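In what follows, a single structure is set out as structure tokens and then discussed.
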Amino acid sequence: MVIVMKPGAPQSEIEKLTRKFEGMGLSVHPTIGQNYSILGLVGDTQALQETQVAATSSYIDRIIRVQHPFKLASRHFHPDDTIIDIEGNKVGGGNLLFIGGPCAVESREQIMEIAQSISGLGAQLLRGGAYKPRTSPYSFQGLEEEGLKLLQEAKAATGMPIVSEIISPDLVDLVASYVDVLQVGARNMQNFALLKKVGQTKKAVLLKRGMSATIEELLMAAEYIMSEGNKNVILCERGIRTFETYTRNTLDISAIPAIKELSHLPVIVDPSHAAGRWAMVEPLAKAAIAAGADGLIVEVHHKPDEALSDGAQSLLPAKFGRLVSVAKHIAQIDHAVV
Ligand code: PEP
Ligand code: MN
């Protein structure tokens with residue numbers, strides 16, 4: 001249930017109501033805006049009658065019953081876009097975020113070369129897997145902690161904050177001690193123990209949509225993280241599995257406006273894992289930005305033919321730079337036309 005207060009409702013009234021609902025065993029999530037304040041109630045609100053709630057304060061403007069199973073992730077709870085700040089790099093609310101880097105950290109030379117070349121080409125954050133969730137146990141599994149150390153070296157050299165995937169709850173503390181954004185991959189979107197554990201950290205979380213997950217399931221996964229106290233969730237559409245096999249996955253462009261309608265969280269797009277082929281990355285990235293995505297995460301490799309994973313979908317650094325420039329132009333056109 002969401003209680004929208006009248007403009008100018010005093011703080012003392014908001015506190016009084018908060019105590020009242022907390023006394024009823026509910027948790028209260030306030031959003032204090034310039035012109036309005038909202039109290040989001042989480043818990044068993046079934047027995048609460050709207051008329052009964054309305055009678056508790058003359059400062060209540062209206063009461064909305066949230067029909068979705070997700071609450072904290074719902075736009076009803078937080079009408080304005082959430083803006084997440086990663087060391088000065090903002091995402092959401094009109095701020096675009098560009099993340100680039102290899103699928104996996106392979107060596108010092110490789111990560112340094114890629115990081116240095118893309119940092120001048122519009123990349124704000126550096127991605128690189130250290131723990132890789134591979135389909136085959138015989139494929140390269142990542143450099144693990146050594147990979148995280150190399151990412152930190154690349155951050156020290158370029159200033160770019162780092163994003164890396166976390167694949168199990170017992171590694172969360174270790175990975176969180178090295179990275180700026182914890183990535184929960186598609187294969188782990190419903191690893192509830194992992195979601196709860198990353199929800200207990202203060203790091204921003206990049207939550208990728210499971211390859212067969214509905215938008216509602218993605219938002220429920222975000223709700224798991226947020227209900228543990230971590231509100232810094234960036235959602236990522238990376239393609240879903242359909243009957244089509246020409247591409248690696250099918251990029252669900254409609255997920256972008258759908259999520260924007262349902263949720264206040266930023267949503268970025270990974271065209272690399274959607275396409276599976278580098279030549280399709282730029283067209284998909286352009287479509288994503290035109291559809292309202294808050295940013296892109298793109299795989300980049302200086303020697304794609306030699307990459308230990310996902311070389312076929314990796315862009316050369318110069319192509320990544322072009323993609324970022326074009327994406328920024330598309331976003332500007334969208335803002336310029338009224
Ligand atoms: C990745 O980003 O390297 C990755 C494995 O992506 P996904 O979880 O979307 O497959
Ligand atoms: Mn990859």
Distance from region 93-141 to region 279-338 (C-alpha centre basis), Å: 14
Restricting to the chain, compute how many DSSP beta bridges are antiparallel as a %, nearest 5. 40
How large is the dipole of the chain about the Cα centre if only Lys and Arg carry +1 and Asp and Glu carry -1, each at its Cβ, rounded to the nearest 20 debye? 380
Given Cβ point charges of +1 (Lys, Arg) and -1 (Asp, Glu) and nothing else, what value in debye, to the nearest 20, does the dipole of region 188-338 about its Cα centre take? 360
Roll a 1.4 Å probe over the protein chains and send me the accessible area per residue for region 84-337 in Å². 39
If you project the alpha carbons of region 190-338 onto their three principal axes, what span does each projection cover, largest first, in Å? 45, 40, 33
For region 84-337, what's the radius of gyration and Dmax over Cα atoms, in angstrom? 16.4, 51
As a test of understanding, state the convex hull volume per residue of region 44-141 from its alpha carbons, in Å³. 181
Hey, what number do you get for the chain at 222 nm if only DSSP H runs of n ≥ 4 count, each worth -39500 (n - 2.57), divided across all residues, to the nearest 500? -10000 deg cm²/dmol
Over the chain, calculate the relative contact order: mean separation of alpha carbon pairs under 8 Å at least 6 apart, over the residue count, as a percent. 15
Can you tell me the order of 330-338, 232-240, 161-169, 114-122 when each peptide is scored by its average per-residue count of other Cβ atoms within 10 angstrom, highest first? 232-240, 161-169, 114-122, 330-338
With a 1.4 Å probe and every protein chain kept in, tell me what percent of the accessible surface of the chain is carbon plus sulfur. 52
Student exercise, region 2-64 dipole from Lys, Arg, Asp, Glu Cβ charges, in Debye to nearest 20: 100
Extent along principal axes [Cα atoms of region 75-228; Å; largest to smallest]: 47, 38, 26
Among the listed pairs 155/197; 20/203; 71/202; 155/231; 203/319; 260/328, give every one whose C-alpha distance is greater than 28 Å. 20/203; 203/319
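The values are calculated or read from the model by the stated rules, or taken from the named source; none is laboratory data. No experiment lies behind these values; they were computed from the predicted model shown. Virtual Cβ from ideal backbone geometry, glycine too; neighbours counted across all protein chains shown. Keep in mind that these areas ignore ligands, DNA and RNA; they rest on the heavy atoms of the full protein, side chains included. Shrake-Rupley method; radii C 1.70, N 1.55, O 1.52, S 1.80 Å.
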